[in-house]
1. Which one is surrounded by the most Cβ atoms within 10 Å (Cβ to Cβ) among residues in the range 133-146 that are over 12 Å from the mean Cα position of the chain (by Cα) and at pLDDT below 95?
2. Tell me which residues, restricted to the range 119-134, are closer than 27 Å to residue 150 by Cα, out of contact with any strand residue (DSSP E or B) (no Cβ under 6 Å at 6 or more places or on another chain) and in contact (Cβ under 8 Å) with a residue 12 or more places away in the chain.
3. Based on this model, can you work out whether residue 140 counts as touching a helix residue (DSSP H, G or I) at 6+ places or on another chain (Cβ under 9 Å) and on the phi < 0 side of the Ramachandran plot?
4. Exactly one of these conditions fails for residue 169: (1) buried (at least 16 other Cβ atoms within 10 Å of the Cβ); (2) farther than 27 Å from residue 18 by Cα; (3) in contact with a strand residue (DSSP E or B) (Cβ under 8 Å, 6 or more places away or on another chain). Give me its number.
5. Which residue, of 90, 34, is in contact with a helix residue (DSSP H, G or I) (Cβ under 8 Å, 6 or more places away or on another chain) and either closer than 17 Å to residue 129 by Cα or outside any loop (DSSP other than H, G, I, E, B) (or both)?
6. Give 55, 63 a once-over and let me know the one that is assigned to a loop (DSSP other than H, G, I, E, B) and surrounded by fewer than 17 Cβ atoms within 10 Å (Cβ to Cβ).
7. Look at residue 149 and say whether it is touching a residue at least 40 places away in the same chain (Cβ under 8 Å), within 20 Å of residue 33 (Cβ to Cβ), over 15 Å from the mean Cα position of the chain (by Cα) and not in a strand (DSSP E or B).
C-alpha cells in the first residue's frame, strides 16, 4: 500500500540575493494573512492573483495592494501547517471562495505580501518569491515535490540553503519581518559561509 502524502509538503528552500531578469516569468501576486504563528504551527489564509506582476517595495502595504488588484484574485485557500522537519511539513489546504478569502485577509492576521515567479530549471519546477513590505528585499527560491526532494539540481543564483530555518518561514516573516534582522543575517552569512544540506542525496549546481 502506497503512502498518502496528500496533506504533506516536501520542499527545499534557498536564499537569493538577485533574481535574473530572464526568470521573472509567470508572475502571481500573493497576499497571506497569518491568524496563528507559534512554534512552527500556523493557520493561514492566502489569496492569489495570477498574472499580476506587482513590483513591490519596502513601503508596499499588503491590504492596499490587495484592494488594488482584488478583482484579479482567482484563488484563495485556508491552510493549517505543522513544523518543518527535514524538508517535510504537514500542510492541509482547503479552497475558499476568492472574495471570502480576500475579506478574511483584509480583516485580520499578520500580513505577508510577495510576487511569485515560476520557472522550470533543470529537472524541477521552481517558485521564486520576491517579498515586499517589511520583508523587502528578501528573495527565496523553493523546489517542491510530491515526495522528498532528493538529488536536487540547484540553480546558481541560490546563495545558501534555508530548509528548516524557521526564521524564513512565511509565518515567521509575518510576525518578525526580515527588515528587523537582515543586517544580522548578512553578518551571519559572511561569517559562516553558505551551507547546502547533504542529507538529501547529491546536490549539483546548474547555470542560469
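1. 145
2. Kept after step one, since they are closer than 27 Å to residue 150 by Cα, are these residues of the range 119-134: 119-131.
Next, from what is left, pick out any that are out of contact with any strand residue (DSSP E or B) (no Cβ under 6 Å at 6 or more places or on another chain): 120, 125.
Hit for the range 119-134 is 125, nothing else.
3. So residue 140 passes the test.
4. (2)
5. The unique qualifying residue is 34.
6. Values: 63 fails: assigned to a loop (DSSP other than H, G, I, E, B).
Being assigned to a loop (DSSP other than H, G, I, E, B) and surrounded by fewer than 17 Cβ atoms within 10 Å (Cβ to Cβ) holds for just one of 55, 63, which is 55.
7. no
The values are calculated or read from the model by the stated rules, or taken from the named source; none is laboratory data. Keep in mind the model is a prediction, meaning the values are calculated, not measured. Cβ coordinates were reconstructed from backbone atoms using ideal geometry, including for glycine residues, and neighbour counts include every protein chain displayed.
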